[in-house]
């Protein structure tokens, strides 16, 4: 028969273990630029908000954390990602970056390196990365724009991760769906952006 002191000691140890155990958070982290931050839109109109609504409708109750910043580059995203992974511990990381790198004509080798690092950081944190690509206007030159567009599927193949090569597919060439700057989509285009992304995202969540 245990004496009361031994019994109490075991209870205390059990309680310490119970309450010191950290439960891994779940959810989706969106790391993007103005296309995901909702530039020029009212609060709640962007595709990320539409994604969270759709997920809730399908029974996915975990949060969607939108860490997107207008004007963000791949270097900025890379700098911020480690802290975001520690803070939110997401299941999925949607990486929608590179457009501002391209618009500034930055070396594609630098963009490829930064995206590769973000993919590896995510994998090391037990999060599944998904690449969301963008394409550049043709006035940046055929060689640069083609290499830029190919960068996303090439990285996805290298790391064997899902990719949506061009999230503005069927949108970017339609002036009625784009804001006056010709770069950012209007509110009425946001549902189509989600439709473009959903076939890549849904299988990662076990959804239809």
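The values are calculated or read from the model by the stated rules, or taken from the named source; none is laboratory data. Predicted model, so just to flag it, every value in this text is computed and none were measured. A quick note on method: Cβ atoms are made from the backbone with ideal geometry, for glycine too, and the neighbour counts reach across all protein chains shown.
Observations
- Summed over segment 35-49, residues that are buried (at least 19 other Cβ atoms within 10 Å of the Cβ) and within 16 Å of the chain's Cα centre (by Cα) total 7.
- Residue 174 fulfils the conditions (1) more than 14 Å from the chain's Cα centre (by Cα); (2) more than 24 Å from residue 80 (Cα to Cα); (3) surrounded by 14 or more Cβ atoms within 10 Å (Cβ to Cβ) except for a single criterion, (3).
- Residues considered: 41, 51, 111. Of these, the only one that is in contact with a helix residue (DSSP H, G or I) (Cβ under 7 Å, 6 or more places away or on another chain), in a helix (DSSP H, G or I) and closer than 25 Å to residue 198 by Cβ is 51.
- Of all the residues in segment 50-62, those that are in contact (Cβ under 8 Å) with a residue 24 or more places away in the chain, more than 13 Å from the chain's Cα centre (by Cα) and within 20 Å of residue 132 (Cα to Cα) number 3.
- Within segment 114-143, the set of residues being outside any loop (DSSP other than H, G, I, E, B), closer than 16 Å to residue 74 by Cβ and without any contact (Cβ under 8 Å) to a residue 40 or more places away in the chain comprises 117, 120, 129, 131.
- Subset of segment 55-68 that is out of contact with any strand residue (DSSP E or B) (no Cβ under 6 Å at 6 or more places or on another chain) and surrounded by 17 or more Cβ atoms within 10 Å (Cβ to Cβ) - its residue that is modelled with the lowest pLDDT: 60
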